[in-house]
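As structure tokens, the structure follows; a few thoughts come after it.
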Amino acid sequence: MPLLRFEQADLGHGAQVVLPSLDLTFDNGEHVALLGQSGAGKSTLLGEVRRRLHARAAWCPQGHGLVPLLSVYHNVYMGRLERHAAWRNLRNLLRPYPADWQAIETLCDELGLEGLIRRPVETLSGGQRQRVAIARAFYQSRELFLGDEPLASVDPHQAVRLLERIHDRHATSLIALHQHRLALSHFDRVIGLRDGQVVLDAPSHALTLAQLDALYPDAAPAASHDGARAVSR
Amino acid sequence: MSRAPGWLRGDSPGLVLARRSLALVALCVLLLPLADLDVTAADPWHELQRMALGFAWPNWLALESPLQAIALTVSVALWGTFLGALLGFPLALLFHRSRLLRGFCAFIRAIHELFWALLFLQVFGLSAITALAALAIPYAGIFAKVYAEILELTPKAPGDALPPGVDRLSRFLYTELPLVWGRLASYTRYRFECAMRASVLLGFVGLPTLGFYLESAFREGRFGEAGALLWLFYLLIATLPVWGHRRLLPLLLVGALFWLGPWPAVDGDLLWRFVSHDLWPAPLLEGDIVGMGAWLADIPDLLPAIGNTLLLALMGTVGSLVLALLLWPLASRHFGHRWQRAGGRLLLVVLRSTPELMLAFIFLLMLGPSMLPAWLALALHNGALIAFLVARHADGLTPGMPGLPASGRYAYELLPRLYPNLLALICYRAEVILRETAILGMLGVATLGFYIDSSFEYLMFDQAFFLLLITAALNIAVDALSRRFRPREAPLDDPCSR
């Protein structure tokens, strides 16, 4: 049964169309990697999927979207803000509820944030913030995980472990990322975007790294440019 | 080959701003002959010498009840700011929704704290209500505007990351308030410093704060006592980070409640009569339109008063501009030695912490009544305030070319980068200067404030209220004008400059 289907859809912001006449189908139980250069339309596609499936999707935004002055606990708690009354959320700011505290502490421990639950997010490193953002998405406990580069600021080793946790907790996922090896080894399907077009859509076992690298045409000239500069110096 | 351009010709932003500023200076110089700048005192240097002696050898023993005056000054400032913030915050949430509300806020903040005090004095007497309302009402208008501006700049990302369906209050408490809390708190703190100055000034209308004792000591020539009181005031401002610490504030707020007083018995009938009858011209209440003409004609020197107010404000603004240009290198790391810099910074801090009215009062005793003392006070206080902010801005810049002589550093490296910001600060300040100009009338300078003060004195409340409305309208007009004049390319990220 398909989860979501785009047929000749024009996606964009207001009048500006980023992804014209898009045809795409997502199925339940599928882990999909979304590749492409910055500006190719990944965020637009993710935003639209989120808009259509909002009640079923856990969301992990680009750049974390955390509140630096609040503690890790409160940032993660924000994942369920809509499920409680305003007065309860207000009280929780002043004094955390023990049950929520326990649940969030367990979640943080699982993601390698042991002992950091009380810390303001502004005092954390980039990788730690990344994991708080993922914890917040987990706390939403939805069947589908939508992530806009949720592995951008962690090292390759951690990225694998985090990705495995994401897949353990969610039957379906759609994740934008730049790690090509991960896309091949840990996903069922890869979608490649370039200048607002779907230029690649295939099961990951049928793809090679070279095919994925071709999605980044700027990468090669930029490298040779750097080389030229190094020589002239 | 092309010809080199003539004087001030060219389209670079620096030249445009320079032309604009020089036009302002030229206008001021052109109108200067209209201002009364006579020195009428017989021997100003002798007076200055006596004051300086009083400041150098303060007479601490002459102080009668300094602790009580300090406690009242702090209590009024604290609760005035607190109530203002309490009233202003909900207004800030609605600020961008309603034009009517924006107009209302512009009106209540266009009237100076002292004028509000004069107004409430008529109903509540020399009481805590008068003092608190005089601060809280204009501050509510200021807080509404500045809080609204700060809230507008809240980063949107955390709010967008929330799951849909979150109620408005939770959204605000979790993803908006924490992000702007620091800026709101630091602005409120800055406002509290202004409130300390205003609270001192309330002594000039008779409330027994520090200003009350300062005024009488100066007026009666007891300069030793005046010096001691001034030292107390500076000490109070300098130690504010210690006694005004975040953790002490709740304790201070509760303690201040015991110092506030006296609390008047409010007579409802009297209050209603004042608001519904005394404040309005009799012919207007009777529906007599022809009588209004005669009533208007009875107001003495309305047009000269408006003219003087605007002229003094222009002179104050231009004076601040010139002084700020001269003074900012004193406190900047790019110039001078360490000791020179410490001295310069101290001078600027002292000048900016002294209320204008106090400075004007001191110059008035020295030079005799004319516009000169008021001008000096306005230019020195505001010029120093802006110089301080500009120096702080300059310290954040790194010159591109090391080893330039001081004049080159000033004119080529630093000033071109600082000037748009400096001019923007001056434009923001113009409104404040106009408000202060009106208040200086209470010292005898023939601006609108002089006539407001004397109307209150003769119990002609309708006239006083009408003049207050004119003052507010002038203020709003000048604010609109200066916003147009302000350089667009220099957005002010520091609300503490207003």
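Looking at (1) aliphatic (A, V, I, L, M); (2) more than 24 Å from the chain's Cα centre (by Cα); (3) buried (at least 20 other Cβ atoms within 10 Å of the Cβ), find the lone condition where B:Ala110 falls short.
Against the list (1) aliphatic (A, V, I, L, M); (2) more than 24 Å from the chain's Cα centre (by Cα); (3) buried (at least 20 other Cβ atoms within 10 Å of the Cβ), B:Ala110 comes up short only on (2).
List every residue pair whose Cβ atoms sit under 6 Å apart, with the two residues 6 or more apart in sequence or on different chains, where the first one lies in the stretch B:148-167 and is more than 7 Å from every other protein chain (Cβ to nearest Cβ) and the second, anywhere, is among the acidic types (Asp, Glu) and buried (at least 17 other Cβ atoms within 10 Å of the Cβ).
Within 6 Å, the pairs are B:Thr154/B:Glu176.
Which of the following residues is among the basic types (Lys, Arg), more than 14 Å from chain B (Cβ to nearest Cβ) and farther than 30 Å from A:Glu30 by Cα: A:Arg131, A:Arg119, A:Arg88?
Selected residue: A:Arg119, the only one of A:Arg131, A:Arg119, A:Arg88 that is among the basic types (Lys, Arg), more than 14 Å from chain B (Cβ to nearest Cβ) and farther than 30 Å from A:Glu30 by Cα.
Can you tell me which residue is nearest to the other protein chains (Cβ to nearest Cβ) among those in the stretch B:191-227 that are touching an Asp or Glu at 6+ places or on another chain (Cβ under 8 Å), of a type in the set (A, V, I, L, M) and under 22 Å from B:Gly244 (Cβ atoms)?
My answer is B:Ala198.
List the pairs whose first member sits in the stretch B:356-372 and is among the hydroxyl-bearing types (Ser, Thr, Tyr), whose second member is outside any helix (DSSP H, G or I), and whose Cβ atoms are under 7 Å apart, counting only residues at least 6 apart or on separate chains?
Pairs that qualify, where the first residue is among the hydroxyl-bearing types (Ser, Thr, Tyr) and the partner is outside any helix (DSSP H, G or I), are B:Ser370/B:Asp36; B:Ser370/B:Leu37; B:Ser370/B:Asp38; B:Ser370/B:Thr40.
Kindly list the number of the only condition in (1) closer than 21 Å to A:Arg169 by Cβ; (2) of a type outside the set (D, E, K, R); (3) surrounded by fewer than 23 Cβ atoms within 10 Å (Cβ to Cβ) that fails for A:Gly79.
Of the numbered conditions (1) closer than 21 Å to A:Arg169 by Cβ; (2) of a type outside the set (D, E, K, R); (3) surrounded by fewer than 23 Cβ atoms within 10 Å (Cβ to Cβ), the odd one out for A:Gly79 is (3).
Any idea which residue in the stretch A:55-70 is farthest from A:Phe138 (Cα to Cα), counting only those that are of a type in the set (A, V, I, L, M) and at the interface with chain B (Cβ under 7 Å from one of its Cβ atoms)?
A:Leu69
Residues checked against (1) farther than 20 Å from B:Ala313 by Cβ; (2) crowded, with 24+ Cβ neighbours inside 10 Å; (3) modelled with pLDDT under 85:
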residue	(1), (2), (3)
B:Trp375	no, yes, no
B:Leu378	no, yes, no
B:Ala384	no, yes, no
B:Ala387	no, yes, no
B:Val390	yes, yes, no
B:Pro405	yes, no, yes
B:Arg409	yes, no, yes
B:Tyr412	yes, no, yes
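Check B:Leu94, B:Leu121, B:Leu32, B:Leu67 and return the single one that is farther than 26 Å from B:Leu207 by Cβ, of a type in the set (A, V, I, L, M), modelled with pLDDT under 95 and not assigned by TED's automatic domain parsing to the domain that holds B:Phe461.
The unique qualifying residue is B:Leu94.
So, of the residues in the stretch A:1-39 that are in contact with a Leu (Cβ under 9 Å, 6 or more places away or on another chain), under 26 Å from A:Glu143 (Cα atoms) and charged (D, E, K, R), which turns out to be surrounded by the fewest Cβ atoms within 10 Å (Cβ to Cβ)?
Filtering first and then ranking leaves A:Glu7.
Out of all the residues in the stretch B:130-140, is one or more part of a helix (DSSP H, G or I), surrounded by fewer than 19 Cβ atoms within 10 Å (Cβ to Cβ) and not acidic (Asp, Glu)?
no
Six or more apart or on different chains, Cβ under 7 Å: which pairs go from a residue in the stretch A:74-96 that's of a type in the set (Lys, Arg) to one that's modelled with pLDDT of 85 or more? Could you list them?
Filtered contacts from the stretch A:74-96: A:Arg80/A:Tyr139; A:Arg80/A:Gln140.
With the structure loaded, tell me whether B:Ala438 is of a type in the set (Gly, Ala, Ser), touching a Phe, Trp or Tyr at 6+ places or on another chain (Cβ under 9 Å) and modelled with pLDDT of 90 or more or whether it fails that test.
Spelling it out, it is not the case that B:Ala438 is of a type in the set (Gly, Ala, Ser), touching a Phe, Trp or Tyr at 6+ places or on another chain (Cβ under 9 Å) and modelled with pLDDT of 90 or more.
Being among the charged types (D, E, K, R) and over 12 Å from the mean Cα position of the chain (by Cα) is the filter; apply it to the stretch A:35-54 and report the residue that is nearest to A:Arg189 (Cα to Cα).
A:Glu48
How many of the residues in the stretch B:77-96 are in a helix (DSSP H, G or I) and surrounded by fewer than 17 Cβ atoms within 10 Å (Cβ to Cβ)?
4
Filter the stretch B:4-60 down to the residues that are touching a residue at least 60 places away in the same chain (Cβ under 8 Å) and in a loop (DSSP other than H, G, I, E, B) and list them by number.
B:Ala35, B:Asp36, B:Leu37, B:Asp38, B:Val39, B:Thr40, B:Ala41, B:Trp57, B:Pro58, B:Asn59
Is there any pair linking a residue in the stretch A:199-214 that is of a type in the set (Gly, Ala, Ser) to one that is modelled with pLDDT of 85 or more, with Cβ under 6 Å and at least six apart or on different chains, and which?
That search, which allows pairs on different chains as well, returns A:Ser204/A:Leu184; A:Ser204/A:Phe187; A:Ser204/A:Val190.
Looking only at the stretch B:2-57, how many residues end up being more than 28 Å from the chain's Cα centre (by Cα), surrounded by 11 or more Cβ atoms within 10 Å (Cβ to Cβ) and more than 14 Å from B:Met366 (Cβ to Cβ)?
Count: 6.
If I ask for residues that are modelled with pLDDT under 90 and more than 8 Å from chain B (Cβ to nearest Cβ), which ones from the stretch A:71-85 would you list?
Residues satisfying the conditions are A:Ser71, A:Arg83.
Filter the stretch B:173-190 down to residues that are surrounded by fewer than 17 Cβ atoms within 10 Å (Cβ to Cβ) and within 13 Å of chain A (Cβ to nearest Cβ) and give me whichever is farthest from A:Asp148 (Cα to Cα).
Top of the filtered list is B:Ala185.
Tally time: how many residues in the stretch B:246-255 are loosely packed, with under 13 Cβ neighbours inside 10 Å and either out of contact with any helix residue (DSSP H, G or I) (no Cβ under 9 Å at 6 or more places or on another chain) or aliphatic (A, V, I, L, M) (or both)?
The qualifying residues number 5.
If you scan the stretch A:93-104, which residues turn out to be surrounded by 13 or more Cβ atoms within 10 Å (Cβ to Cβ) and more than 9 Å from chain B (Cβ to nearest Cβ)?
Across the stretch A:93-104, the qualifying residues are A:Pro96, A:Tyr97, A:Asp100, A:Trp101, A:Ala103, A:Ile104.
On the given criteria, is A:Ala103 in contact with a Pro (Cβ under 8 Å, 6 or more places away or on another chain), assigned to a helix (DSSP H, G or I) and either more than 29 Å from A:His157 (Cβ to Cβ) or touching a residue at least 24 places away in the same chain (Cβ under 8 Å) (or both)?
So A:Ala103 fails the test.
Return yes or no: is B:Gly103 more than 14 Å from chain A (Cβ to nearest Cβ) and touching a residue at least 12 places away in the same chain (Cβ under 8 Å)?
no
Taking the stretch A:120-152, which residues are over 12 Å from the mean Cα position of the chain (by Cα), farther than 12 Å from A:Leu107 by Cα, of a type outside the set (Ser, Thr, Tyr) and in a helix (DSSP H, G or I)?
Within the stretch A:120-152, A:Val121, A:Glu122, A:Gly126, A:Gly127, A:Gln128, A:Arg129 meet the criteria.
Can you name every residue in the stretch A:167-198 that is closer than 12 Å to A:Val32 by Cα and either without any contact (Cβ under 8 Å) to a residue 40 or more places away in the chain or charged (D, E, K, R) (or both)?
Scanning the stretch A:167-198 gives A:Leu184, A:Ser185, A:Asp188, A:Arg189.
With the checklist (1) surrounded by fewer than 18 Cβ atoms within 10 Å (Cβ to Cβ); (2) part of a helix (DSSP H, G or I); (3) over 22 Å from the mean Cα position of the chain (by Cα) in hand, flag the one item B:Gly103 doesn't pass.
Tallying (1) surrounded by fewer than 18 Cβ atoms within 10 Å (Cβ to Cβ); (2) part of a helix (DSSP H, G or I); (3) over 22 Å from the mean Cα position of the chain (by Cα), B:Gly103 fails exactly one: (3).
The values are calculated or read from the model by the stated rules, or taken from the named source; none is laboratory data. Since this is a predicted model, take the numbers as computed values, not measurements. Please note: Cβ atoms are built from the backbone with ideal geometry, for glycine as well, and neighbour counts cover all protein chains shown.
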